[in-house]
1. Quick one: angle between helix A:83-95 and the longest Cα principal axis of chain A, in degrees between 0 and 90, rounded to 10, please.
2. Rounded to the nearest 5, what is the percent of antiparallel bridges among the DSSP beta bridges in the protein assembly as shown?
3. If you fit an axis through the alpha-carbon atoms of helix A:148-168 and take the longest principal axis of the Cα set of chain A, what angle between them do you get, 0 to 90°, nearest 10?
4. Checking the a/c ratio against 1.5 first, then a/b against b/c, what shape does the Cα gyration tensor give for the stretch A:231-357?
5. What residues have an amide H closer than 5 Å to that of B:M321, excluding those fewer than 5 places away on the same chain, when H is modeled at 1.01 Å from N in the peptide plane?
6. Nothing charged except the Cβ atoms of Lys and Arg (+1) and of Asp and Glu (-1): what's the magnitude of the dipole of chain B about its Cα centre? Round to the nearest 20 debye.
7. Relative contact order, percent, of chain A when contacts are C-alpha pairs under 8 Å separated by at least 6 residues?
8. Taking K and R as +1 and D and E as -1, what net charge do the other residues with C-beta under 14 Å from the C-beta of B:G319 add up to?
Number of protein chains: 2
Amino acid sequence: MRDNVLVVHGGGPTAVLNASLYGVLLEARESGAVGAVYGAIGGSEGILKERFLNLSRFPEEELKKLLATPGTAIGSSRYALEEEDYKAMEAIFRKHHIRYVLFNGGNGTMDACGKLVRALGSDSDIRVAGIPKTIDNDIGITDHTPGYGSAARYIARTTAEIGADVKSLPIHVCILEAMGRNAGWITAASALARKKHGDAPHLIYLPERPFREEEFLADVKELYDRLGGVVVVASEGLKDESGKPVVPPIFQTGRSVYYGDVGAYLAELVIKKLGIKARSEKPGLCGRASISLQSPVDREEAVLAGREALKAAMEGCTGIMIGFARREQEKYEVCPIRIPVEQVMLTERTVPASYINNRGNDVTDAFVSWCRPLTGEEIPDYIDFQEIYRERREDRE
Amino acid sequence: MRDNVLVVHGGGPTAVLNASLYGVLLEARESGAVGAVYGAIGGSEGILKERFLNLSRFPEEELKKLLATPGTAIGSSRYALEEEDYKAMEAIFRKHHIRYVLFNGGNGTMDACGKLVRALGSDSDIRVAGIPKTIDNDIGITDHTPGYGSAARYIARTTAEIGADVKSLPIHVCILEAMGRNAGWITAASALARKKHGDAPHLIYLPERPFREEEFLADVKELYDRLGGVVVVASEGLKDESGKPVVPPIFQTGRSVYYGDVGAYLAELVIKKLGIKARSEKPGLCGRASISLQSPVDREEAVLAGREALKAAMEGCTGIMIGFARREQEKYEVCPIRIPVEQVMLTERTVPASYINNRGNDVTDAFVSWCRPLTGEEIPDYIDFQEIYRERREDRE
């Protein structure tokens, strides 16, 4: 009887989460060295309830759909595992001949990964490895995380498109709200929309910097007077100087706090304080579920992360998470690395100061250079006859 | 000296507005029968200020970008033309040897079209034709309007993707707000996301029917208990029985009224009244600016509408708008028709009763059959192992 593999998803999905699952299946098949690949249906709860589906039974043409399926094909959960849960798992794994346990998720999931290794004992023959995944890109050590490149491509493209839309009728301010409550990586990626000076986004606000309403209003006013249409990208998690959310919680039920939308709040501020027409957009979940704006680089790396996690486990590693290191050279290239999970269990990586400008209303060129390759594309060239008309006076008729 | 063509854009853009402009340029070049094609920079104000750019001078590879440029490449305006404005136009057209004036826009723009024809006199040698354009699909007579097919594809795909996302973590209700304040055509198109029974969207609310909070909450509750995750698509313009917007205006400045977001309002309602976790997404402008989700059928028809408008004007027609009639046959096929602008000047076509279900929380199959070909695609097949696990009990390991 050959050793089986179990894949578990934790937390919210990304546009390429299922691509990593495909990577595991690919590696299992090509290596020929393992038994079945099981999916834990419904996340870590699925382990405890032994809800396992044998994915190796499905034909390749079905499995290929994982590359272009949003969400998580095997479900997920936010169930908080207790110490006895970890202890109960070993017997379950043994019962199903599971020797390789791969957790795909963010910080919280890596925490579970580490705790499971501790419960099993690090010399156990059952190996546990982490596949990183988050649109927020807030896992430490690794250069970046699968899921982020697609979220970055989505916000960059969307910002460019909204920039073209707002220019059409130069009469307003548009606030685009981006996901990432504590880390501004997605918000920052909107800067990739710019092809030339004056392009959207005109202002970028990350949660890493205190948000100052007075400065924001002054900046919007100045840009509006100069450009006509202004596109602002703001993180859903903006906080003021004292660290309080800019939009106060609307209400609380049980453990959950519900905040109002930052975009709507800022748009209202612009209308009321500046008397300028404004609106807000909040694509929200659309940005992490968009298959048409999946980054091809991100998808490829997500597959690779799945393969590498299984490979590491088969080679005897346990308690590691796959990460990516960037080779220092002209062309973008990464190599997979194995990071001890203890190093990422409790960290939350935010955008460093070197990637944010002094005024705190934009990102730096260093950020743009770092981020661009992850999206796997250049923003397309749009044609703008309005601009040509303004700039080439001699060439009008 | 050959007769020149002038193209004018009015109102907000669509994903294929510039494709119609490309169609005019293509027809002008292929016919070889006209002089230059000018773009009025900044809409109808551009006519009065004689801001004309000769688009025929640009090389084909530049013009081709119009097919994939969001917004409007020549600008637009919401300027309300006065009677003396129409009177002033004739001299301007004569000065620039403009004989063919093509207005691209919605109801309001067709109104301007008709008024200009009256001012010129219907036996004038200057011909005026309309190219229809609106994401809202609210222009009368024509089967549908360029711009709508792409907006429909966007909302359908987005609903399908959010459906997959919400299923991943079956713990909440997601409200997706769709554009269209008085006409629910875009909201309705979310129904195309369904591949099988139980798929998102689970509830659809159009502005054509009074919105009843009690029924909404009862429907959400029932679906949540049965399915776990619920996706609701709601029009931004929902009104109650008395015709008042469901979300009261936040405030008013000058002529503009600012409403709160319907999606956010409904999500709050679900949390407060049902105690179920909920969130809302409002892609808003993203939906009319998305080039990656442009409908190929829509783009093609937008090009055709541009070509046909110029063709009609060259053939001596004036005061007409190009529309589409659908041939009654298995395969989707349309033919362009010429509609007198008086017939569309003051109409606002809403979704007919036959396309809405009795309870007012969904659309009918007749609507889906009518709408699907306009999006130019079938929603892709996603793979859902959670569902397979539930349904094929015998097949798990």
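1. Roughly 60 degrees between the two axes.
2. Of those bridges, close to 35 percent are antiparallel.
3. 20
4. Details: a/c = 2.38, a/b = 1.93, b/c = 1.23.
It comes out prolate by the Cα gyration axes.
5. Hits under the 5 Å cutoff: B:G130, B:I339, B:V341.
6. Roughly 600 debye for chain B.
7. Numbers: 876 pairs, mean separation 85.9, N = 397.
So the answer I get is 22 percent.
8. Working: positive: B:K115, B:R118, B:R127, B:R338; negative: B:D111, B:D123, B:D125, B:E315, B:E342.
Its environment carries a net charge of -1.
Quick note: the coordinates plus some simple rules give every number you see, no bench work behind them. Keep in mind it's a predicted model, so treat the numbers as computed, not measured. Glycine also receives a Cβ, built like all others from the backbone with ideal geometry; neighbour counts cover every protein chain displayed.
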